[in-house]
Amino acid sequence: MPATKSPPAPGRRAPVNLEAFLAASTTAVNAALDRFLPSEKTKPATIHRAMRYSLFAGGKRMRPALLLAAAEACGGKPAEALPLACAVECIHTYSLIHDDLPAMDNDDYRRGKLTNHKVFGEGIAVLAGDALLTQAFEIAVQAKGWPRYSHRAIIHEISVAAGSLQLIAGQVADLEGEGKKISAAQLKYIHERKTSALLGCSARLGGMSANCSAGQLQALTDFGYHVGLAFQVIDDILDVTQTSEKLGKTAGKDTKAQKATYPAIVGLEQSRRIAAKLTENAFAALKPFKGRAGDLEALAEFLLKRDC
Ligand code: GRG
């Protein structure tokens with residue numbers, strides 16, 4: 001006879017099956033993105049093919065997963081969070097298409113495939129990025145809106161994270177820092193904006209889609225901030241420790257472009273310690289959920305241990 005499972009003690013997290021959670025969230029997000037986006041045949045077909053090419057190139061869908069896990073932690077319904085999960089993935093994909101352009105990082109591979117401009121040309125790649133950014137807002141307004149979080153609040157949240165004070169500020173500082181000696185504080189400034197802003201926004205939007213309390217939103221803000229910073233430290237580590245095949249993008253680019261990274265400034269071992277500490281801070285931020293944020297916690301651990 002199998003032993004009867006007793007419920008987890010208060011404050012302890014219930015066992016989670018993160019693999020199943022990620023598989024389900026990726027399937028749901030991919031199906032919803034397919035519904036939200038114009039078909040490949042919709043005129044002008046080139047732009048819709050280009051948008052779909054990068055969107056369905058096999059990204060890890062970590063921002064949607066964070067958003068859906070945050071919604072779940074706040075007792076929300078996945079179907080209500082789904083448009084926002086698709087919106088953040090559109091913004092993320094736009095940022096990757098533009099980041100890969102010759103005028104930016106000039107990369108040939110992304111998500112294991114040729115980059116957008118390599119397939120469609122630079123002009124269409126710029127437009128595919130623009131169109132995905134715009135598409136994100138069209139999708140977000142299809143969310144239902146919640147008593148504490150109106151469409152206005154949702155659109156404000158997304159536009160601030162994607163705007164010139166956050167995502168774009170990070171990219172500007174990153175571009176301007178190339179080849180220069182920059183401090184750890186400046187590097188943190190870049191990471192907060194380039195990476196943590198959209199990951200943090202994803203966690204917050206998940207809570208908002210569950211009409212979360214102010215306390216829950218604050219906890220998700222702290223959690224997303226630390227997970228976002230850890231994500232970029234790990235990304236920098238992987239850039240120097242993994243192969244291009246494993247990463248699906250050109251490895252070693254940061255060193256070649258003389259970019260400031262944590263491994264370059266503090267070394268690999270210290271970078272690993274920093275990523276682990278940031279992840280611990282993310283776990284601590286989840287305390288108010290009293291064990292009901294199991295998938296979020298498991299996700300943070302998964303992101304720390306990822307190898308691609
Ligand atoms: C607006 C021109 C313009 C650029 C946008 C920040 C940014 C600015 C582009 C950056 C691309 C980049 C390297 C961002 C840092 C975040 C990061 C590590 C992205 C990769 O995210 P993953 O690993 O990618 O989740 P997949 O492909 O799995 O979705």
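Over the heavy atoms of residue 138, what accessible area does a 1.4 Å probe trace out, to the nearest 10 Å²?
Surface open to solvent at residue 138 totals about 110 Å².
Gaussian network model of the chain, Cα springs within a sub-10 Å range: biggest mean-square fluctuation belongs to which of 228, 215, 206?
Maximum fluctuation in the GNM of the chain, among the listed residues, is at 215.
Going from most exposed to least, what order do 254, 222 have by accessible area with a 1.4 Å probe?
Working: 254 30, 222 60 Å².
Largest accessible area first, the list is 222, 254.
Top to bottom by accessible area (1.4 Å), largest first, where do 104, 208 land?
Sorted descending by solvent-accessible area, the residues read 104, 208.
For the chain, what is the charge dipole size about the Cα centre, in debye to the nearest 20, if Lys and Arg each add +1 at the Cβ and Asp and Glu each add -1 at the Cβ? Don't skip to the end; give the middle numbers.
Numbers: 38 positive and 31 negative charges, 131 e Å.
With Lys and Arg at +1 and Asp and Glu at -1, about 640 debye.
What Cys residues in the chain have no fellow cysteine's beta-carbon under 4.7 angstrom?
Singleton cysteines: 86, 90, 201, 308.
Could you sort 189, 149 by accessible area so the largest value comes first, with the probe set to 1.4 Å? Working shown, then result.
Details: 189 100, 149 20 Å².
Sorted descending by solvent-accessible area, the residues read 189, 149.
Rounded to the nearest 10 Å², what accessible area does residue 250 show when all protein chains are kept and the probe is 1.4 Å?
50 Å²
Would you kindly work out the equivalent ellipsoid of the stretch 139-246 from its C-alpha gyration tensor and give its semi-axes, the square roots of five times the eigenvalues, largest first in whole Å? Spell out each step's value before the answer.
On the way: eigenvalues 175, 46, 34 Å².
After scaling each eigenvalue by five and taking roots: 30, 15, 13 Å.
Can you tell me how much longer the chain between residue 160 and residue 178 gets when fully stretched, taken as 0.36 nm per residue apart minus their C-alpha distance, in nm with one decimal? Provide the component values of the computation, followed by the final result.
On the way: separation 18, 0.36 × 18 = 6.48 nm, distance 2.50 nm.
Here the answer is 4.0 nm.
Per residue, what volume in Å³ does the Cα convex hull of the stretch 42-187 take up? Provide the component values of the computation, followed by the final result.
Values: hull volume 20.0 nm³, N = 146.
So the per-residue Cα hull volume is 137 Å³.
What percent do you get for the relative contact order of the chain when only Cα pairs under 8 Å and 6+ apart count? Numbers along the way, then the final one.
On the way: 487 pairs, mean separation 69.5, N = 308.
After rounding, I find 23 percent.
Residue 218 versus residue 268, label points 7 Å from Cα toward the beta carbon: distance in nm?
Computed distance between label sites residue 218 and residue 268 equals 4.1 nm.
With label points built 7 Å along Cα→Cβ from the Cα atoms of residue 137 and residue 104, find their separation and express it in nm.
The two pseudo-label positions are separated by 1.8 nm.
Could you please tell me the mean projected area of the C-alpha convex hull for the stretch 85-130, averaged over all directions and given in square nanometres to one decimal?
3.0 nm²
In whole Å, largest first, what are the principal axis extents of the Cα atoms in the stretch 170-305?
45, 27, 25
Using a 10 angstrom cutoff on alpha carbons, build the Gaussian network for the chain and name the most mobile of 255, 115, 221.
Highest fluctuation of the listed residues: 255.
What is the calculated FRET efficiency for residue 290 to residue 19, with r their C-beta to C-beta distance and R₀ = 22 Å, to the nearest 0.05?
Numbers: r = 24 Å, r/R0 = 1.11.
The computed FRET efficiency comes out at 0.35.
Suppose all protein chains stay in the model; what accessible area per residue would a 1.4 Å probe give for the stretch 182-266, in Å²?
36 Å²
Out of every Cα-Cα pair in the chain, what percent are more than 26 Å apart?
Working: 21037 of 47278 pairs.
Value for the chain (Cα pairs over 26 Å): 44 percent.
Between residue 256 and residue 80, what's the calculated FRET efficiency when r is the beta-carbon distance and R0 is 51 Å? Round to 0.05.
Numbers: r = 44 Å, r/R0 = 0.86.
Result of the calculation: an efficiency of 0.70.
At what distance in nm do the modelled label points of residue 148 and residue 301 sit from each other, each positioned 7 Å from its Cα along Cα→Cβ?
2.7 nm
The values are calculated or read from the model by the stated rules, or taken from the named source; none is laboratory data. Quick caveat, the model's predicted, so the values are computed rather than measured. Ideal geometry is used to build each Cβ from the backbone, glycine not excepted, and the neighbour counts take in all protein chains shown. Only protein heavy atoms, including side chains, enter the accessible area calculation; ligands, DNA and RNA are left aside. Shrake-Rupley method; radii C 1.70, N 1.55, O 1.52, S 1.80 Å.
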